[in-house]
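The values are calculated or read from the model by the stated rules, or taken from the named source; none is laboratory data. This structure is a prediction, so every number in the text was calculated from the model and none was measured. Note: ideal-geometry Cβ built from the backbone for every residue, glycine included; neighbour counts use all protein chains shown. We work out accessible area using only protein heavy atoms, side chains counted, and drop any ligands, DNA or RNA first. Shrake-Rupley method; radii C 1.70, N 1.55, O 1.52, S 1.80 Å.
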Amino acid sequence: MFVLIAFSGFTPTYWARLANGTSHVPPIVHIHGILMFSWTLFYFIQTAWIAAGRTATHRAWGLAGISLFSVLVCSIIVTKVVTLRLDDAAGFGDAGRRFSLVALGSLPLIIGLFVAAIANVRRPEIHKRLMFVLMSGLMIPAIARVFLTLFARPGAVAGGPPPAFVAVPPCLVAILLIVVAMIYDWRTRRRPHKVYVYGAVLTVLNFVLIVPLSNTQAWMSVARFVESLGG
């Protein structure tokens, strides 16, 4: 499901444009895309090895997963630095800084989930659920592209970055993935695992808080600092 969401969600706004030569984005966006899709496929392979009973292989590739995820996080930051500077050059500086909180404000949560998952590698019932919650959150950009394709007004993208609240509906859809896992737990364990409960609550709170925080002067100052990292 994660692979399907990741690839199909980005097909109209990225893959299709890349195929027909109408994609005009900075090189860092392509690098970030490669890393993100690589991570999604890596997650698929890791879960496939566990399903096949090849736990030793799964663990042997764990360090590679840590390295890939670390580089992926760095690519998120670098991509936002570049897009912030491009938005500013196009006259959408403040709008870009407000919207940048959607990606940058999510980093503490996804990093925290990943670190917690690594810390619990010898507790597989917790480890696999933390990774599932993490992947559900990472699907939000792909889900958002579906909303953009279906509901955005013509020319909306040309009008600059949207307000931060547009990230809330995709977040709620991503939460449904966790809800499905909770229902599965309910049927097999007679109760949902606390990782799913806490993970869903933290994901919702993270995106709900992003909306008011994106309009504060404190965040605008942070965004300007991040933008300045590009020189």
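Remarks
- Cα shape, segment 77-143, gyration tensor, a/c 1.5 rule: prolate
- When only alpha carbons of segment 82-214 are considered, Rg and Dmax amount to 16.8, 55 Å.
- Accessible area of the chain belonging to carbon and sulfur atoms, whole % at 1.4 Å probe: 71 percent
- Probe 1.4 Å, protein heavy atoms only - accessible area per residue of segment 28-165 in square angstrom: 51 Å²
- Scaled to the globular estimate 2.2 N^0.38 Å, the Cα spread of segment 1-51, given as radius of gyration, is 1.30.
- Cα gyration tensor, segment 139-231 - rounded (a/c under 1.5), prolate or oblate: oblate
- Using just its DSSP H runs of length 4 or more, each adding -39500 (n - 2.57), the chain gives a mean residue ellipticity at 222 nm of -25500 deg cm²/dmol after division by all residues.
- Packing here is the average count of other Cβ atoms within 10 Å per residue, and on that basis the peptides 86-98, 211-223, highest first, run 86-98, 211-223.
- The stretch between Tyr198 and Thr149, if pulled fully straight at 0.36 nm per residue, gains 14.5 nm over its current Cα-Cα span.
- Kyte-Doolittle mean at least 1.6, axial Cα span of 24 Å or more - DSSP H helices of the chain: 194-213
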